[in-house]
Each structure stands twice: as structure tokens, then as C-alpha cells.
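These notes concern the structure reproduced below.
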Amino acid sequence: MVFKRVLGSLGVGGPVVDTILDREPVRPGGVVRGHVRLRGGGSACDLEHLALELVAGVEAGYGGEEHEGGVAFDRLRLGGGFRLDAREHRDVPFTIHIPWETPLTEVSGQPLGVVLGVRVELAAAGARDHGDPEPLIVRPLPVQEAVLGALGRLGFGLVAADLRLAHIAGTGQRLPFHQEIELTPAPQYLRDVNEIALTLLTGPDAMEVVLEADKRGEGSGVLGRHTVRHEGLEQRDWTGEVDSWIRALVESRATHTARDGRTDAAIAGIAGAAGVTAGTAASGAVGGGMVAAGLGDALGNLARLGDLGGTGGIGGTGGTKDLRGSGSEEEDRG
């Protein structure tokens, strides 16, 4: 076992620490268990506090700049005010609850390129330092699988899954960032949209689905919003329902385009670009954004996410609330 050295300001022979997680993947709203293993250095050390943080590699808005060291989005204090003797070994068990809005790192067993971790923080003698984050694997909830699987069956292509340090106005978003899943359009929509951005904001009772068409740079595209509850997933025609969301989004975009006075030639140009984008995604050579190797495999497996048998155990009441609108905003928080 390799210990991660922290409190480097205490010099050679200072305490070392390792964060050990149960290796089972977690879903949003679940828990992660493990323990922090401390080993005393060459002399006794008074530890002022011991804490765990959930951290994510998040882009600062839409400029593509990533925050060094990640953004901490949850914290659990494990204790402090105790002495760690020289060469002493001490294990501190923990259970940390994962926020419902925690982004996904895997879909269909394929990594999305999203970096999440659990890191320990120690403070002693007025010095504070962090250990190296222990990677955290987060897989979709059944309601997320239902939406993603329907998009896969409809023929949408997965391009990237970035984290944006921004708040989507009009939503119940609680974390300072959100996950934006970029999709190339299904063949039947190639002439209508160039790209779809999908955000899934989950909570204990329901999930907000935010769809945005043809967002470019820091501007806003056409927005569609829908709220889906966790219960009753198996009784719904997800392919038809998600397709109806996309059709409504396309209609709103057409209205938005006409209002902007764009010409048919401009729309044709967008459709041509969409064809190039779709072909590029299929070949695995995608430009821009954080793209993980194997996304093509994840795309191919999306369609198999529709089998929701045996995914019970998540409470809530059934029903869908339509929050569709035209136009959207994002407010940067940093």
C-alpha cells in the first residue's frame, strides 16, 4: 500500500495518510464507506482536525479553463483534537453521503472523462494540507438510465460530458456546478439541430431534465425543461416520451430561428455542420471539450439502458411535470 504524504510543511518524518474506499461504484444520493488510515511520523503530532472532501475537476464557465486542484462540493468532518504518536497506526472509519446532483463518471461501464475524488484534509501545528484524491466512480440512477437509454435508442450520439461552474437559472440546482452532456442529433433531426446539451439534476424525489439546442460559446440556445419522478419508471414509454421532448425543443428552436430572422441557407449550413459533427463523433475523433477514450462504446451501449427491471428501491411518487420554455440563462458563479 502506498501512503499519500500530507502536511508536507511539517518536514521529513511528518504524518502520512491514506484514504481507502469500498470499491463498489455509487449512484447519486448513495453513500460511500471506507476509512482514513493514519501513520505517525518520526515524532508525536497534535492533529487539530481531520476531514474528508468530495472534489471534482470543473471548468470555469465556458472558457475551458479548469480549476487547479478541483472544486470541493461536499465536506465531512471526521474529528480532531487528538495526538498521533510517533509511528502510531490509526484507522478512522467513515460513511459519506453523495449529493443527489453528483455528476456521472461512467455510462454503460465506459468512463465519461469526468474526474471525481474523495480527499482527506489534515491540520496540525497551524498547517493544513490535503492528500491526493481517491477516485470515485458514479453510475446512473434508474431514472437517468431511462432518459439516456431512450436517447441512445433514438440514435443520439455522445460527444462529451463536461462539468460547468455555473448555475442554470430557473432550476433547483444546488451544487455550484452542473454536468453538461453534449449529444449529436439523431439522424431524423440532423436538418433541425446541430447539437443537444443535456443536464440531469437529480433530487431525492425527482429529476429535472434540461435540454438545450444549439448553444454556442457563452450564448444561450433554446431550452426545454421536464421534471420526472423516480417512481413508476417501468410503466412508461421512455423512447416516445423523450422523443416528444426533442420534437418540442426542435419546434421551439424553429420559432426562435424565425424570430431571429435567420435564412433557410443559414439553417442548411447548420444541418451540414451537424452531419460533419455526427460523422466525427462516430469515428471517435471529437474536437473541443473533455472527451474520454471509449465514448463511442458508451454511446453504443446507451440503448441497452432501457431495461429497468430490478431497479426498484428508490422512493417517490409518479408523474411528470412539463416545464418547457423557450430561452435559457446561465449565471456564472466564479
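The values are calculated or read from the model by the stated rules, or taken from the named source; none is laboratory data. Keep in mind the model is a prediction, meaning the values are calculated, not measured. Heads up, the Cβs are rebuilt from the backbone with ideal geometry, glycines too, and the neighbour counts pull from every protein chain shown. Note: areas computed on protein heavy atoms with side chains; ligands, DNA, RNA excluded. Shrake-Rupley method; radii C 1.70, N 1.55, O 1.52, S 1.80 Å.
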Search segment 132-147 for residues being open to solvent by 20 Å² or more (accessible area, probe 1.4 Å) and part of a loop (DSSP other than H, G, I, E, B), and hand back the single one that is nearest to Leu211 (Cα to Cα).
Arg139
Flag for Arg139 being within 18 Å of the chain's Cα centre (by Cα) and basic (Lys, Arg):
yes
From the list Ala86, Ala51, exactly one residue is in a loop (DSSP other than H, G, I, E, B), at pLDDT below 95, over 18 Å from the mean Cα position of the chain (by Cα) and of a type in the set (A, V, I, L, M). Which is it?
Ala86
How many residues of segment 148-164 are over 15 Å from the mean Cα position of the chain (by Cα) and open to solvent by less than 10 Å² (accessible area, probe 1.4 Å)? The answer is 5
Here the qualifying pairs (Cβ atoms under 6 Å; residues six or more apart or on different chains; first in segment 61-83 and open to solvent by 50 Å² or more (accessible area, probe 1.4 Å) and of a type in the set (Lys, Arg); second modelled with pLDDT of 80 or more and part of a loop (DSSP other than H, G, I, E, B)) come out as Arg83/Ala44
